[in-house]
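Notes follow once the structure below has been shown.
The values are calculated or read from the model by the stated rules, or taken from the named source; none is laboratory data. Treat the numbers as computed from the prediction; the structure is a model and nothing was measured. As a convention, Cβ positions derive from the backbone with ideal geometry for all residues, glycine included, and neighbour counts pool all protein chains shown.
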Amino acid sequence: MNDKFLNQITEFIFVEDKPEKSDVIFIPGSGFPQLAEEAAKLYHQGLVPYILPSGRYSVLNGKFAGVQEKKELYDGEYETEWEFLKEVLKKNHVSEEHILREDKATYTYENAIYSRKVTDCLGMEIKKAILCCKPYHARRSLLYYQLLYPETQFFVRPIQDSDVKRENWYLTEKGIRLVFGEVQKIGEQFEDITKEMSME
């Protein structure tokens, strides 16, 4: 396959930055504990005072889909993605008073929308933020959070423990499906958002 083609898709979808000291870590809703585990590592490095996991459950499922990996470590009953991610953070020694709450969002755009409402209600000025997400979800997550926090400098920190990442996504059917699924979702969802913005 054409290397230039692969490189362009890879650079677009797989965003990754070296994290810097920030005001908060955002975690879009998920049943994968690695997102909260990565956030806990950064928290313990002294990079942030607060972590804001977000999520009720997927609008497609209508309920929390369950723990996706490491069920032997996180075997509780969870009503929402936020509740699950909070438990992962606590088990990784993050102080509960430093875990913020957003448990209404049912898809990624809402993760960003409702997270903004939380930080506004708390009177937080978010100058810098770290975004913990799955590698192939990085661009779409970043676009949404940038829409809601246009003045914020973001540092995207994708989890390392993922079977689909920038080095290998094009080698498996699953990787190709997930990455081009993201390309499709970005096109469809941001077409609608752009139309709405142009009418305001």
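If you check Glu69 against the conditions, is it surrounded by fewer than 21 Cβ atoms within 10 Å (Cβ to Cβ), of a type in the set (Asp, Glu) and in contact with a strand residue (DSSP E or B) (Cβ under 9 Å, 6 or more places away or on another chain)? Spelling it out, it is not the case that Glu69 is surrounded by fewer than 21 Cβ atoms within 10 Å (Cβ to Cβ), of a type in the set (Asp, Glu) and in contact with a strand residue (DSSP E or B) (Cβ under 9 Å, 6 or more places away or on another chain). Considering the range 152-200 alone, what residues qualify as being surrounded by 11 or more Cβ atoms within 10 Å (Cβ to Cβ), among the small types (Gly, Ala, Ser) and either in a helix (DSSP H, G or I) or at pLDDT 95 or above (or both)? Of everything in the range 152-200, those that are surrounded by 11 or more Cβ atoms within 10 Å (Cβ to Cβ), among the small types (Gly, Ala, Ser) and either in a helix (DSSP H, G or I) or at pLDDT 95 or above (or both) turn out to be Gly175, Gly181.
Evaluation of Leu47 against the conditions (1) exposed (fewer than 14 other Cβ atoms within 10 Å of the Cβ); (2) at pLDDT 95 or above; (3) within 28 Å of Arg166 (Cα to Cα) shows that the sole unmet condition is (1). Listed by first and then second residue, the pairs with beta-carbon distance under 6 Å, at least 6 apart or on different chains, first residue in the range 169-185 and within 15 Å of Ala138 (Cα to Cα), second at pLDDT 95 or above and among the basic types (Lys, Arg), are Glu182/Arg140.
Looking only at the range 133-154, which residues are among the hydrophobic types (A, V, I, L, M, F, W, C) and out of contact with any Lys or Arg (no Cβ under 6 Å at 6 or more places or on another chain)? Listed by number, the residues that qualify are Cys133, Ala138, Leu142, Leu143, Leu147, Phe154. Taking the numbered list (1) on the phi < 0 side of the Ramachandran plot; (2) at pLDDT 90 or above; (3) under 15 Å from the mean Cα position of the chain (by Cα) in turn, Lys91 passes all entries but (3). Looking only at the range 83-134, residues that are β-branched (Val, Ile, Thr), over 22 Å from Val59 (Cα atoms) and part of a helix (DSSP H, G or I) come to 2 in all. Contact map, the range 1-22: residues that are over 17 Å from His137 (Cα atoms) paired with residues that are of a type in the set (A, V, I, L, M) and modelled with pLDDT of 95 or more, Cβ distance under 7 Å, separation 6+ or inter-chain. Pairs shown: Pro19/Leu42; Pro19/Leu47; Pro19/Ile130; Lys21/Leu47; Ser22/Leu47; Ser22/Val48; Ser22/Ala129; Ser22/Ile130. Ser58 meets the stated requirement of being modelled with pLDDT under 95, closer than 22 Å to Ala138 by Cβ and not in a strand (DSSP E or B).
Of the residues Leu171, Leu142, Leu89, the single one that is among the hydrophobic types (A, V, I, L, M, F, W, C) and either over 23 Å from Glu182 (Cβ atoms) or in contact with a Pro (Cβ under 7 Å, 6 or more places away or on another chain) (or both) is Leu89. Of the residues examined, Lys71 is not one that is out of contact with any His (no Cβ under 8 Å at 6 or more places or on another chain) and assigned to a helix (DSSP H, G or I).
On the stretch given as the range 1-49, residues that are in a loop (DSSP other than H, G, I, E, B) and within 22 Å of Tyr78 (Cα to Cα) total 6.
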